[in-house]
Ligand SMILES: [Zn+2]
């Protein structure tokens, strides 16, 4: 206690005197733009970590930076009261949920509830974070130790960002447009950094990494097989082309069927190209990025589908060209052409307007 008194005295004598005008100004009223919800942990200092001054953050602190869902609020709830005041009266622009590394609350949710028999209020409070525990057990059953702790800390922030959207007045403010925004921050005490979490990616990303790690070999098999099939198709096409050209030269171009055979061969090259794009796409998407010309760069599944769609259009066009050259059934060729045009138009529309993954 002595240390505390000493500190207050020191503050009054030095910092307060130096910043007297500032404190006079803020004594007239507060206009913070940020509602900052963080853990009670003594090692977390919101003003220090955000380098903000008194009056800039409206701070709510509790064990585990938890926001009870709106329908779970019973009787008197200080978190709900603070959110109400911040959103409806102070009209804050941002709501930040800030978690931190080595959070005791996030360790506690994995413990047996019996350990908290002597702390029933803490036990009941932490039950609000049980959905985080359940989610981790469901999606990352193999996560343990530090890895599970990190997932829990990040997922807890995202769960609270979801919980805050169960408050009708927050939803209304969010719907009004850009009057309010929400974000998550996690402070790493060891590394001294704050990571901003805005999207629901943590758990999915970590689980995807685990799944991909396990299925990496399977994807590699698919990539190698497609690549081998592509090379084989190219080589077969090249050999066949050489034979047809040789025949054309030998027959002095008198064999019209040879030209049709050449058109047919284009199918082989296009299929080889499609297999090549598939192999490259799978490698880029699931294994690692590679330096490639722009037309081969695949950022997501939509890119892969769009590129394969282009090859399908070419295959259909070549098939139509073959029918056109043969000219055996004019009416059939016409219908075939219309069908190809419709499919091509759909594929082009998908490529341009289809949602990006
Ligand atoms: Zn904590």
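Name the pairs whose Cβ atoms lie under 6 Å apart, with the first residue in region 41-54 and assigned by TED's automatic domain parsing to the domain that holds residue 184 and within 13 Å of the ligand (Cβ to nearest atom), the second assigned to a loop (DSSP other than H, G, I, E, B) and at pLDDT below 90, and 6 or more positions between them or separate chains?
Note: pairs meeting the criteria are 43/189.
Check 79, 92 and return the single one that is assigned to a loop (DSSP other than H, G, I, E, B) and either at pLDDT 90 or above or in contact with a helix residue (DSSP H, G or I) (Cβ under 9 Å, 6 or more places away or on another chain) (or both). Spell out how you get there, then give the answer.
Working: 79 fails: assigned to a loop (DSSP other than H, G, I, E, B).
Selected residue: 92, the only one of 79, 92 that is assigned to a loop (DSSP other than H, G, I, E, B) and either at pLDDT 90 or above or in contact with a helix residue (DSSP H, G or I) (Cβ under 9 Å, 6 or more places away or on another chain) (or both).
Got a sec? Which of 66, 109, 96, 136 is surrounded by 17 or more Cβ atoms within 10 Å (Cβ to Cβ) and touching a strand residue (DSSP E or B) at 6+ places or on another chain (Cβ under 7 Å)?
On the way: 66 fails: touching a strand residue (DSSP E or B) at 6+ places or on another chain (Cβ under 7 Å); 109 fails: touching a strand residue (DSSP E or B) at 6+ places or on another chain (Cβ under 7 Å); 136 fails: touching a strand residue (DSSP E or B) at 6+ places or on another chain (Cβ under 7 Å).
Exactly one residue qualifies, and that residue is 96.
Could you check, for region 119-136, whether at least one of its residues is at pLDDT below 90 and in contact with a helix residue (DSSP H, G or I) (Cβ under 9 Å, 6 or more places away or on another chain)?
First, the residues of region 119-136 that are at pLDDT below 90: 135-136.
Next, only the ones that are in contact with a helix residue (DSSP H, G or I) (Cβ under 9 Å, 6 or more places away or on another chain) stay: 135-136.
Within region 119-136, one or more residues are at pLDDT below 90 and in contact with a helix residue (DSSP H, G or I) (Cβ under 9 Å, 6 or more places away or on another chain).
Looking at 237, 253 in this structure, which one is assigned by TED's automatic domain parsing to the domain that holds residue 311 and modelled with pLDDT under 75?
Matching residue, one of 237, 253: 253.
So residue 172 clears everything in (1) more than 16 Å from the ligand (Cβ to nearest atom); (2) surrounded by 16 or more Cβ atoms within 10 Å (Cβ to Cβ); (3) part of a helix (DSSP H, G or I) except one condition, right? Which one?
Here residue 172 clears every test but (2).
Taking region 105-137, which residues are more than 15 Å from the ligand (Cβ to nearest atom), part of a helix (DSSP H, G or I) and more than 26 Å from the chain's Cα centre (by Cα)?
113, 114, 115, 116, 120, 121, 123, 124, 127
The values are calculated or read from the model by the stated rules, or taken from the named source; none is laboratory data. This is a predicted model, so every value here is computed, not measured. Note that each Cβ is placed from the backbone with ideal geometry, even for glycine, and that neighbours are counted across all protein chains shown.
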